[in-house]
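All remarks here apply to the structure that follows.
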Amino acid sequence: MAKPIQSIERAAAVLRLLAGGQGRLGVVEVAGSLGLAKGTVHGILRTLHHVGFVEQDGGTGKYQLGGALLHLGTSYLDVNELRSRAINWADALASRSGEAVRIGSLLGGRVLVVHHVFRPDDSLQTGEIGLLLPPHACAIGKVLLAYDTGAAAAAKETAEAYTRRTLVAPADLTRALTEIRERGWASEAEEMSIGVAGIAAPIRDHGGLVVGSIGITGSMDRLCDRGRVPKPVLVSQVQDAARAVSRELGAQR
Amino acid sequence: MTERFVLAIDQGTTSTRCIVFDHRARLVSVAQREHQQHYPSPGWVEHDAVEIWRNVQRLAPQALAQAGASVSQVAAIGIANQRETTVIWDRTTGVPVGRAVVWQDTRTDALVEELAGDAGRDRFHDLCGLPLTTYFAGPRIRWLLDATPGLRERAERGEVLFGTMETWLVWNLTGGPDGGAHITDVTNASRTMLMDIQTLEWSDELLGGIGVPRAMLPEIRSSAEVYGKATVVLPGVSIGAALGDQQAALFGQTCFSPGEAKCTYGTGSFLLLNTGAEIVRSSHGLLTTVGYKIGDDDAVYALEGAIAITGSLVQWFRDNLGLINSAAEIETLALTVEDNGGCFIVPAFSGLFAPHWRSEARGVIVGLTSYITKGHLARAVLEATGWQTREVVDAMNADSGLALTTLRVDGGMTADNLLMQFVADVLDVPVVRPMALETVSLGAAYAAGLAVGFWPDLEGLRRNWHRAGQWLPNMDAAHRAAEYDSWQRAVERTFGWKKIPGKEPQ
């Protein structure tokens with residue numbers, strides 16, 4: 001076994017202490033209980049605060065366990081929060097690419113359309129926020145499957161064909177998801193509707209966890225070249241937008 | 001040719017932002033910093049003008065660095081600012097005589113009653129287009145002059161200067177005590193109650209009536225013209241525009257034709273309707289204001305409906321009740337229930353603005369039963385913004401004789417999908433969101449860009465506007481009418497709550 005990482009052990013000790021049912025504790029109390037330097041404890045508490053595992057009382061400055069700990073395992077980033085943090089970057093992507101933009105998040109095995117920006121040509125379009133899409137058949141969904149093994153396994157069992165190009169064979173899906181992880185973006189070419197293509201990239205939080213996807217969708221001839229390959233300039237615009245939203249959420253990359 | 005940019009400074013109520021736009025009006029970078037809100041006593045709201053200036057000094061270079069641009073690539077600076085917030089400072093030291101008194105502050109309530117006297121609150125309405133309320137800057141200056149020993153004498157001698165935030169920033173950017181330009185623009189001046197709305201000049205009658213010495217006032221200029229060059233922060237760059245934030249949003253939404261309207265949903269919300277060269281006098285509690293004035297062109301006027309508390313009700317729900325962790329989560333909480341459960345919240349925290357203008361009103365939550373959950377309260381919070389918009393639109397339709405056909409929206413709350421659908425439902429017109437949500441800063445950038453020839457004309461700007469989202473009305477008419485009736489009865493219950501000394505509640 002590799003050597004344990006000391007700061008993680010200490011963080012675990014801080015959490016156990018706070019969970020000990022003594023109510024809120026200050027930095028000095030935590031440091032005293034654990035026999036650690038005040039500065040060390042302060043650093044650990046600030047980091048735990050940053051990820052939502054502890055909360056600080058505004059008045060006394062003391063700490064207690066945070067709400068995020070109670071929701072470990074469920075989607076902890078509120079989808080409406082994701083929309084409000086991403087909205088400017090989604091607009092910028094639509095404006096640069098000239099295509100409609102969608103942001104997705106997994107919900108019960110489907111992709112929830114969290115946000116939708118119209119294609120900026122002022123043509124008649126319908127809002128898609130709240131729609132649930134099959135994840136294996138669209139770019140914003142495939143990205144999410146690529147970084148979520150549980151959801152990917154479930155999708156492989158239930159994948160339905162929408163066109164003759166929809167990926168339904170488990171081996172095909174596995175190969176596609178591996179490729180998405182390797183290159184960091186996903187595409188769809190007439191896999192859900194004839195004539196429609198999509199490109200998407202992952203949105204990561206401050207720890208690197210994929211919490212959503214952002215992508216463009218539009219006609220095959222605008223998004224892909226003759227070989228049905230997504231145009232590189234659009235791919236990089238999508239990746240830039242995904243990185244910008246991730247930065248907004250505190251991600252390092 | 002190197003790429004050139006326009007820098008917009010959006011000096012808002014809760015934060016200051018510097019935003020860089022490219023020639024296609026696309027947002028390139030944003031730097032933002034909040035400033036502290038001071039609440040020294042109930043109804044009082046103050047900002048530290050020095051902190052705000054320090055933030056601008058820090059943010060402008062930050063925004064440029066993020067955009068990878070040098071100072072020489074900045075074609076112009078445009079300023080959009082929180083309106084009516086009043087600061088008085090020493091001309092020789094540049095130090096404010098106290099904290100800035102913010103537009104939400106109601107300390108002048110007794111003073112405006114006194115100024116209204118027997119003539120009523122519309123005493124100055126014909127001259128300045130505004131009713132006497134605690135909202136505007138003029139009475140705030142008078143209050144500060146009365147409350148601070150010796151200040152009136154210093155103001156009369158021109159030793160202290162008055163400004164709203166754009167004046168303060170332009171003065172500091174152009175050198176401060178060392179020859180700084182002491183100017184304001186017509187849109188900001190139109191919010192002081194001291195400017196004649198027709199001549200666009202300070203009015204002796206208004207100055208005398210409210211009690212403000214002319215010597216402390218800035219020079220009134222157009223919204224888009226070069227006021228001078230910055231000597232600090234971005235040395236050598238022309239300052240090409242200043243507009244009150246709501247007028248900037250009207251401009252950024254390219255509402256250049258009479259009949260076009262926008263609503264900006266922020267801390268408060270502001271619906272402005274372009275009325276062209278015509279000065280429309282409201283008989284339904286709306287404000288007549290200057291929309292913008294480009295260089296030597298004629299001024300364009302607007303009708304305005306101001307709603308004091310919209311986004312700040314969500315903030316209150318988050319910070320004071322602690323039922324959500326972030327403003328966006330209100331939508332999640334509201335979606336846990338089907339409807340408001342019969343509950344209505346009227347957020348008359350510092351009185352009601354348009355169309356009621358009741359400074360003695362205070363907020364209520366009505367329709368409480370044991371059935372009501374936090375989800376219903378979240379619904380009621382969001383719906384309060386929708387119904388307040390409806391009241392203003394009704395007033396605007398009545399005054400202008402036009403029926404609003406579409407509402408252009410912007411501001412942070414437009415990220416709330418449930419709210420935008422509700423607004424479309426209660427107004428019964430489509431609600432449209434443009435591609436660029438940052439319309440306040442975009443408007444300031446547009447005006448500054450026009451002033452220096454970075455953009456040629458209004459038509460070119462109009463072509464930059466694209467629809468990013470749209471919500472279509474989808475509410476049963478009878479249900480809408482019944483809910484509106486409940487809302488109006490809830491509003492009546494806010495009236496007359498705060499007792500003003502010497503005056504019986506109505």
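Going through the stretch A:162-209 one residue at a time, which ones are surrounded by fewer than 17 Cβ atoms within 10 Å (Cβ to Cβ) and of a type in the set (S, T, N, Q)?
Residues satisfying the conditions are A:THR163, A:THR174, A:THR178, A:SER193.
In the stretch A:221-253, what count of residues is obtained for those that are among the aliphatic types (A, V, I, L, M), within 23 Å of A:ALA86 (Cα to Cα) and outside any helix (DSSP H, G or I)?
2
So which of B:ASP476, B:ASP428 ends up being charged (D, E, K, R) and in contact with a helix residue (DSSP H, G or I) (Cβ under 8 Å, 6 or more places away or on another chain)? Working first, answer last.
On the way: B:ASP476 fails: in contact with a helix residue (DSSP H, G or I) (Cβ under 8 Å, 6 or more places away or on another chain).
So the residue among B:ASP476, B:ASP428 that is charged (D, E, K, R) and in contact with a helix residue (DSSP H, G or I) (Cβ under 8 Å, 6 or more places away or on another chain) is B:ASP428.
I'm trying to understand the selection: among the residues of the stretch A:175-220, which are free of Cβ contacts under 8 Å to residues at least 60 places away in the same chain, polar (S, T, N, Q) and not in a helix (DSSP H, G or I)?
Of everything in the stretch A:175-220, those that are free of Cβ contacts under 8 Å to residues at least 60 places away in the same chain, polar (S, T, N, Q) and not in a helix (DSSP H, G or I) turn out to be A:SER187, A:SER193, A:SER219.
Being modelled with pLDDT of 95 or more, under 18 Å from the mean Cα position of the chain (by Cα) and of a type in the set (S, T, N, Q) is the requirement here; does B:THR389 meet it? Working first, answer last.
Values: modelled with pLDDT of 95 or more: yes; under 18 Å from the mean Cα position of the chain (by Cα): yes; of a type in the set (S, T, N, Q): yes.
Taking the combined requirement at face value, the residue satisfies it.
Since B:GLU459 meets every condition but one in (1) in a helix (DSSP H, G or I); (2) away from chain A (no Cβ under 11 Å); (3) at pLDDT 95 or above, which condition does it not meet?
Just one mismatch for B:GLU459, condition (3).
I need the full set of residues from the stretch B:410-425 which are within 20 Å of A:SER95 (Cα to Cα) and touching a helix residue (DSSP H, G or I) at 6+ places or on another chain (Cβ under 7 Å), in order please.
Those that are within 20 Å of A:SER95 (Cα to Cα) and touching a helix residue (DSSP H, G or I) at 6+ places or on another chain (Cβ under 7 Å): B:ASP410, B:GLY412, B:THR414, B:ALA415.
Within the stretch B:153-187, work out how many residues are assigned to a helix (DSSP H, G or I), touching a residue at least 40 places away in the same chain (Cβ under 8 Å) and surrounded by fewer than 19 Cβ atoms within 10 Å (Cβ to Cβ).
Of the residues in the stretch B:153-187, 1 are assigned to a helix (DSSP H, G or I), touching a residue at least 40 places away in the same chain (Cβ under 8 Å) and surrounded by fewer than 19 Cβ atoms within 10 Å (Cβ to Cβ).
One residue is enough: does the stretch A:148-157 have a residue meeting the conditions closer than 19 Å to A:GLY208 by Cβ, at pLDDT below 90, surrounded by fewer than 16 Cβ atoms within 10 Å (Cβ to Cβ) and away from chain B (no Cβ under 14 Å)?
Yes, the stretch A:148-157 contains a residue that is closer than 19 Å to A:GLY208 by Cβ, at pLDDT below 90, surrounded by fewer than 16 Cβ atoms within 10 Å (Cβ to Cβ) and away from chain B (no Cβ under 14 Å).
Conditions tested, residue by residue: (1) more than 14 Å from chain B (Cβ to nearest Cβ); (2) surrounded by fewer than 24 Cβ atoms within 10 Å (Cβ to Cβ); (3) touching a residue at least 12 places away in the same chain (Cβ under 8 Å); (4) in contact with a strand residue (DSSP E or B) (Cβ under 9 Å, 6 or more places away or on another chain).
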| site | (1), (2), (3), (4) |
| --- | --- |
| A:VAL113 | no, yes, yes, yes |
| A:VAL117 | no, no, yes, yes |
| A:PRO120 | no, yes, yes, yes |
| A:PRO134 | yes, yes, yes, yes |
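If I go through the stretch A:48-64 residue by residue, how many of them are touching a residue at least 12 places away in the same chain (Cβ under 8 Å) and not in a loop (DSSP other than H, G, I, E, B)?
7
Checking the conditions here, which among B:GLY469, B:GLY453 is on the phi > 0 side of the Ramachandran plot and either within 14 Å of chain A (Cβ to nearest Cβ) or in a loop (DSSP other than H, G, I, E, B) (or both)?
Only one candidate qualifies: B:GLY453.
I need a count of the residues in the stretch B:329-344 that are out of contact with any Lys or Arg (no Cβ under 7 Å at 6 or more places or on another chain) and either surrounded by fewer than 23 Cβ atoms within 10 Å (Cβ to Cβ) or under 17 Å from B:GLU483 (Cα atoms) (or both).
Result for the stretch B:329-344: 9.
Specify which of the listed residues (B:VAL423, B:VAL392, B:VAL381, B:VAL409) is touching a Lys or Arg at 6+ places or on another chain (Cβ under 9 Å) and part of a helix (DSSP H, G or I).
When all the criteria are applied, what remains is B:VAL423.
Filter the stretch B:427-445 down to residues that are hydrophobic (A, V, I, L, M, F, W, C) and closer than 15 Å to B:LEU271 by Cα and give me whichever is nearest to the chain's Cα centre (by Cα).
B:VAL440
Filter the stretch B:213-259 for residues that are of a type in the set (Asp, Glu), over 15 Å from B:GLY449 (Cα atoms) and surrounded by 18 or more Cβ atoms within 10 Å (Cβ to Cβ) and give the result.
B:ASP245
Quick one: how many residues across the stretch B:417-440 are within 11 Å of chain A (Cβ to nearest Cβ) and either within 18 Å of B:ILE294 (Cα to Cα) or polar (S, T, N, Q) (or both)?
Looking only at that region, the number is 2.
I need a count of the residues in the stretch B:2-21 that are closer than 16 Å to B:TRP455 by Cβ and surrounded by fewer than 16 Cβ atoms within 10 Å (Cβ to Cβ).
1
If A:ARG83 meets every condition in (1) under 22 Å from A:ASP148 (Cβ atoms); (2) at pLDDT 90 or above; (3) more than 11 Å from chain B (Cβ to nearest Cβ) apart from one, which number is that one?
Of (1) under 22 Å from A:ASP148 (Cβ atoms); (2) at pLDDT 90 or above; (3) more than 11 Å from chain B (Cβ to nearest Cβ), only one is false for A:ARG83: (3).
Go over the candidates B:GLN82, B:GLN104 one by one and state the one that is more than 14 Å from chain A (Cβ to nearest Cβ), touching a Gly at 6+ places or on another chain (Cβ under 7 Å) and of a type outside the set (A, V, I, L, M).
The conditions single out B:GLN82.
Consider only pairs whose beta carbons are under 6 Å apart and that are at least six residues apart or on different chains; among these, list those whose first residue lies in the stretch A:18-44 and is free of Cβ contacts under 8 Å to residues at least 60 places away in the same chain and whose second residue is surrounded by 11 or more Cβ atoms within 10 Å (Cβ to Cβ) and small (Gly, Ala, Ser).
Partner pairs satisfying both residue conditions: A:LEU34/A:ALA13; A:LYS38/A:ALA31; A:VAL41/A:ALA31; A:ILE44/A:ALA11.
Residue check: is B:GLU459 over 30 Å from B:THR108 (Cβ atoms) and surrounded by fewer than 15 Cβ atoms within 10 Å (Cβ to Cβ)?
yes
Select the helices (runs of 4 or more DSSP H) contained entirely in the stretch A:72-169, then report the ones holding at least 3 residues which are closer than 18 Å to B:LEU335 by Cα.
Values: elements: A:79-97, A:139-146, A:149-158.
Correct list: A:79-97.
Pull out all pairs, ordered by first then second residue, where Cβ-Cβ is under 9 Å, the residues are six or more apart or on different chains, the first lies in the stretch B:398-416 and is within 13 Å of chain A (Cβ to nearest Cβ) and under 16 Å from A:LEU82 (Cα atoms), and the second is buried (at least 21 other Cβ atoms within 10 Å of the Cβ) and among the acidic types (Asp, Glu).
Once the first residue is within 13 Å of chain A (Cβ to nearest Cβ) and under 16 Å from A:LEU82 (Cα atoms) and sits in the stretch B:398-416, its partners that are buried (at least 21 other Cβ atoms within 10 Å of the Cβ) and among the acidic types (Asp, Glu) give B:ALA415/B:GLU331; B:ASP416/B:GLU331.
Could you list all residues from the stretch B:397-425 that are closer than 16 Å to B:GLY259 by Cβ and modelled with pLDDT under 90?
We begin by selecting, within the stretch B:397-425, every residue closer than 16 Å to B:GLY259 by Cβ; these are B:397-408.
Residues satisfying the conditions are B:ASN397, B:ALA398, B:ASP399, B:SER400, B:GLY401, B:LEU402, B:ALA403, B:LEU404, B:THR405.
Determine whether the stretch B:426-437 contains at least one residue that is on the phi < 0 side of the Ramachandran plot, at pLDDT 95 or above and assigned to a helix (DSSP H, G or I).
Looking for residues that are on the phi < 0 side of the Ramachandran plot, at pLDDT 95 or above and assigned to a helix (DSSP H, G or I), one finds at least one in the stretch B:426-437, hence yes.
The values are calculated or read from the model by the stated rules, or taken from the named source; none is laboratory data. Everything numeric in this text was worked out from a predicted model, so none of it was measured. Note that each Cβ is placed from the backbone with ideal geometry, even for glycine, and that neighbours are counted across all protein chains shown.
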